[in-house]
Amino acid sequence: MGGNRIFKSLKFKLGFGAGVIGLFAILASALTLFGASQMSARIETAMEAQQRMQRFSVLATQVGSFIVVAFEASQAEGDLDATALRLDGLTQAIRTTFTHTRRDLDAALKSAEDLGLDEQSLRATRSLGIARMEALFNSTVQSVLDAAQQSDPTRLQGVINAFSIGFDPLLNGAISEERRARDRAIAQVTVLRRQLSFSAFGVGASVALLLLGFYVGLVRPQMSRLDALRRAAQEIGQENFAITLPRQSPDQSQDEIGQLFAATQSMSRELAARKADVEQDWARLNSLVEERTEELRDANAILAKTDEDRRRFFADISHELRTPLTVILMEAELGIKAGGGDAFSTIHTRATRLNRRIDDLLRIARSESGVISLASEPFDLNDAICEAAEDMRAPLKNAGLTLRHNPSPGLMTTGDKNWCRQVITGLLENCIRHASDGNLVAIMAENTADGPSVQVVDNGPGVTPQDRANAFKRFARGGTQVKTEGFGIGLALANWIIEQQGGRIEMTSPVPESLRLGTQPGTLVTVFFPPLST
């Protein structure tokens, strides 16, 4: 069962097809190498035969010269020593040519070991012919020398004629044999080339048919199946899960693509089921969102109505309070001018403070509604500090806190005096909320290189690093949850107001030793105001 599954696997089929094609490629390479080797051997044989023919041609020329010199010696009387010297030079040259020719034949005989017994016999026969020519030449040389020494022209001519009659047939036969060997090698090259061409054409045609069969029988059907899978994937990508894949044969259903078909079909069904579930959940969620949205809309309407009533209330009560308060201030001023004494001064001071508290109330109301307008004018920061300290002295005393404050006149800055005073007031209220058990609160002011600054120090438990990092963020609340009265502003709004005027706020806890008010860690808030504009 496992073996059948392996044979039906696409991996096996593709591997088998690639192996067969590779085998044919190896066969073609081997055929090419074999043909090149055989072609090279045949060409080398033809070249060797041609080379030996050239040597025989040289030998024929040398032998002709030898016969001419010997014939001249037989025709006229001359210097025997000079003739012997000329014959000796020609004899050495001819023997050297015989040596080279014999060496060539020996090398050809060794190379013929791979060419068969017939070729070896032919080359051995040519060696015998060379040996006979060399033996005939050697004997002729000796006879010529003997006849020349005896001064016997008749004998010398007879020796020369006998040599010519015996040597020419041997030389012509050797040249003919080499010519036939060369022509035979060239003919073999032609035959071998034709055979290799037919073999290469056969191998190429076989590979082409094999590739065609491989493509038509295996590759193209699988590509069609993959195309169907690609179209199915596109449909799934467009959330169309009702896909229909082509029917698979029993063999196809067991291969890798068939398994992918089954997995894709199963996945589409699961995705369709999940899509239906998601649509149901989405419908329920939309219904729930609509319900909650309607509830929030109603709540927002109620909050908007409440906020409108609150702002109207602040405006109305401020107007109702300002009218009698203005009358009180005017009467107090008249009483002071008429010499009414300390009573009118006290009334005027308290009415002024009450008027300022009404301004604070309106300012806080505007800040909560998002309408904040900041003035930009020079003012003495010491005045704002003193006003804030005076406003908070009674709430601080009620909370059990003693306020230390030494006025520092001449701290000029640019900004909104009322809002800056409100920021300092808010910092003092934070001391009531978070450091009421420390008993001491201090306000210090000084001029720095960047402009005037105000420091508010308490003797409370301090602020954790996490609370310190979030202190100036909106909606952040510290660890102490003490309910207090007042019109103070939060640190986030205070930070925004100071930054809008070109300053900054920093918080330090625990307080440095030089500024600490007691044994507890305490908290130091420093407000840096912008310098006076020039």
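Quick notes on this one:
- Rh by Kirkwood over Cα pairs, then Stokes-Einstein D for segment 167-313 at 0.890 mPa s and 25 °C, µm²/s: 100
- ³J(HN,Hα), Karplus 6.51/-1.76/1.60, whole Hz, each residue of segment 207-221, x for Gly, Pro: 5, 4, 5, 5, 5, 4, x, 5, 6, 5, x, 10, 5, 4, x
- At most 10 other Cβ within 10 Å, DSSP loop - GluC sites (Glu not before Pro), segment 493-534: Glu513
- Long-range HN-HN contacts of Met412 with modeled amide H, under 5 Å: Leu381
- Ordering Gly204, Asn240, Ser268 by the projection of their Cα atoms onto the charge dipole of segment 192-287, which places +1 on the Cβ of Lys and Arg and -1 on the Cβ of Asp and Glu, puts Gly204 at the extreme positive end.
- Average accessible area per residue (Å²) across segment 382-439 - probe 1.4 Å, nucleic acids and ligands excluded: 38
- Using a probe of 1.4 Å, the accessible surface attributed to Met330 totals some 110 Å² when neighbouring protein chains are kept in position.
- Cα-Cα over 32 Å, subset of Lys305/Lys473; Lys397/Lys417; Lys337/Lys417; Lys11/Lys275: Lys11/Lys275
- Accessible surface for segment 182-295, divided over its residues, is 69 Å² per residue with a 1.4 Å probe.
- Dipole orientation for segment 154-193: of the candidates Thr154, Pro169, Ala187, Ala187 has the Cα lying most toward the positive pole (charges on Cβ; Lys, Arg +1; Asp, Glu -1).
The values are calculated or read from the model by the stated rules, or taken from the named source; none is laboratory data. This structure is a prediction, so every number in the text was calculated from the model and none was measured. For neighbour counting, all protein chains shown are included, and Cβ atoms are generated from backbone atoms with ideal geometry for every residue, glycine included. When the accessible area is computed, the model is the full protein with side chains, heavy atoms only, and any ligands, DNA or RNA have been set aside. Shrake-Rupley method; radii C 1.70, N 1.55, O 1.52, S 1.80 Å.
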